[in-house]
Structures are given as structure tokens and as C-alpha cells.
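K.L.:
Below: one structure in C-alpha cells.
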Amino acid sequence: MARENIHQSLEVFYEKIDECPLGDRQFNFFEMVYVLSGDGEHMVNGNRIAYYPGDLFLITPNDSHGFYLNGMCEFMVIRFGENYIREYQWKSIDHIECLLYYASHLSGSVLVNNDDKRMVDLLMQNLQETLKHQSVYNEDLIRHLVNAVIVIAARNIAVVKPQNLIAVADIRILQILDYIQENIRTPGLLKVEIIAQKFGLSPTYLGSYFRKQCNESIQQYISSYRIRLIEHRLRFSDKRVHEIADEFGFADESHINKFFKRHKGKSLKTFRLTMSC
């Protein structure tokens, strides 16, 4: 299996090819591939997905993937590593964490909203034009365009929700998941009794309803989501353990370490050291 690296925190380029130069590739970075023209199949982690113009794929580190082209195809490719995630201050919602959390559930195009598809198409056209002309502030312009694509992709991925969500047509379960994600840093608002009251349900019914819809308990989902966000803080930020504890509503380092070790089998500091090796 071919493994690729990048040497800058962000790389953006245009490709026009009739054959993928490397199949079954594995990266140590994130890659977004937008299909400008042409069609074929995208293989990711053993899943083969047909692609068409307007599709946007997100490939995460350690994914195994390759493109199989039906003739000539044009792509815009965006690659960014951990340094890019660290240096950009994401605001409002954790767009980048949303991408990282949900990406493992996706094989197909991340774009599901038609208005967003049109917006991304315009952004990619602007990126393509910007790459053609070397002028002042080009790098800043490229970063702003890329960040816009990331934010749009994140909100589309958030709509898809976890793979084990069965009744996507049931708007109430989507609202409950949104509520949990919005309040993940405030444990007091995530008690079953509070959530049940918020949505006009009894605590007992909420528990059985959530398990039926998501194939796991509501507490399992909350813990899993919180653990994943804490992992991202350890990997992609320079925050100290006590700062992460404060952010996620833990009393102190001892409490967050007990919680993390119960789920991951190691302390936060040990996990961070492992990720940096």
C-alpha cells in the first residue's frame, strides 16, 4: 500500500487525469477531493462508491482509498495536516471537530444540501482561478476559500449523523442529538431527567426510545461523543489537561483522567504522548 505525506500544513491543487496514479493509498493527513468533471468509482476502506461532478469526498488519516476513473476526470484537491488544524482558530461551533468525528461514518459525498452544493461549486471555481494567478495575498485568499469549504462540509456531515442512526425521518431524535452536541460541555444539561423534560418525555421512555433509534444508550452516546472531542483537544490543540477539564465541565484533572482512563485505558497525558510519537 502506497503511503503519502504532505510537507506543508495546507496544499491545494487541480488535477486533470484519465487514470489515478496511485490506487489503494493511505495518508497521514486529511484530503478533500471535489469532482469538477467526469465519473467513476471511489474506493474507501473496502467500500466502492460511484462518483459524479459536484461530489465532495473527505478522506481521513489512515483511510485506505483510491479512485477508478471512467475516462478523463477533473478534480480539486485540498490537503491539510494537524498543523493546519492547530493554527486556525475555529469559532462558533467546532466545525473541524465535527468533520473529524463524523467522517469515519461516511463513504460517499459529504454534500447533501443542494444550496451547499452550489456554494461549494462556486468556491471550487474560485480556488481554481486563484491557483492560476500568483499575486499578492494569494495564500490568504486560498485559506479563506478552503475554510469556507470545510465549514460547509461540516454542517452537511452534521446532518448525516452517526451510521447506527436508524430512523433519520424522525425529527425528534435528530433534535435530541443536536441538543446533546450543543451542550456537551455542560454535564448538568445532559442528565436524562433534564433532556427528557426538554423534549416532553418521561426519563424511562427517553432511554428506551433513544436505544431503539440509535442502538446504544443515551449515556453511551454522550460518553462516546465527549471522549472523541477530548481526544481531538489532546491531538490538535496545546491546551493543558486542567484547561480541557474546565472546558468539558469536570471538577479537576483527577475526574477527567478517571473518566478518560475508564474508556481509553490510559491517562490524558499518556494519550497525548502516544499521539505525538
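The values are calculated or read from the model by the stated rules, or taken from the named source; none is laboratory data. Every value quoted in this text rests on a predicted model; they were computed, and no experiment measured them. For neighbour counting, all protein chains shown are included, and Cβ atoms are generated from backbone atoms with ideal geometry for every residue, glycine included.
K.L.:
Regarding the stretch 110-122, can at least one residue be identified that is buried (at least 18 other Cβ atoms within 10 Å of the Cβ), part of a helix (DSSP H, G or I), at pLDDT 90 or above and of a type outside the set (Asp, Glu)?
P.N.:
Looking through the stretch 110-122, at least one residue is buried (at least 18 other Cβ atoms within 10 Å of the Cβ), part of a helix (DSSP H, G or I), at pLDDT 90 or above and of a type outside the set (Asp, Glu).
K.L.:
So, in the stretch 63-101, of the ones that are at pLDDT below 90 and in a strand (DSSP E or B), which residue ends up surrounded by the fewest Cβ atoms within 10 Å (Cβ to Cβ)?
P.N.:
Of all residues in the stretch 63-101, those at pLDDT below 90 come to 63-68, 80-101.
From what is left, the residues that are in a strand (DSSP E or B) are 64-68, 80.
Details: Ser64: 17, His65: 22, Gly66: 18, Phe67: 24, Tyr68: 14, Phe80: 23.
Step by step, filter the stretch 63-101, then rank; the result is Tyr68.
K.L.:
Name every residue in the stretch 236-253 that is free of Cβ contacts under 8 Å to residues at least 40 places away in the same chain, of a type in the set (Asp, Glu) and under 22 Å from Leu189 (Cβ atoms), in order of residue number.
P.N.:
Matches in the stretch 236-253: Glu243, Asp246, Asp252.
K.L.:
Considering only residues that are at pLDDT 90 or above and under 19 Å from Ala153 (Cβ atoms), which ones fall in the stretch 16-57?
P.N.:
Passing the criteria: Met32, Val33, Tyr34, Val35, Leu36, Tyr51, Tyr52, Pro53, Gly54, Asp55, Leu56, Phe57.
K.L.:
Looking only at the stretch 50-62, filter to residues that are in a strand (DSSP E or B) and touching a residue at least 60 places away in the same chain (Cβ under 8 Å); which one of those is surrounded by the most Cβ atoms within 10 Å (Cβ to Cβ)? Please lay out each step first, then the result.
P.N.:
At the first step, the residues of the stretch 50-62 found to be in a strand (DSSP E or B) are 50-51, 56-59.
Then drop every residue that is not touching a residue at least 60 places away in the same chain (Cβ under 8 Å), which leaves 56, 58.
Working: Leu56: 24, Leu58: 22.
In this case the residue turns out to be Leu56.
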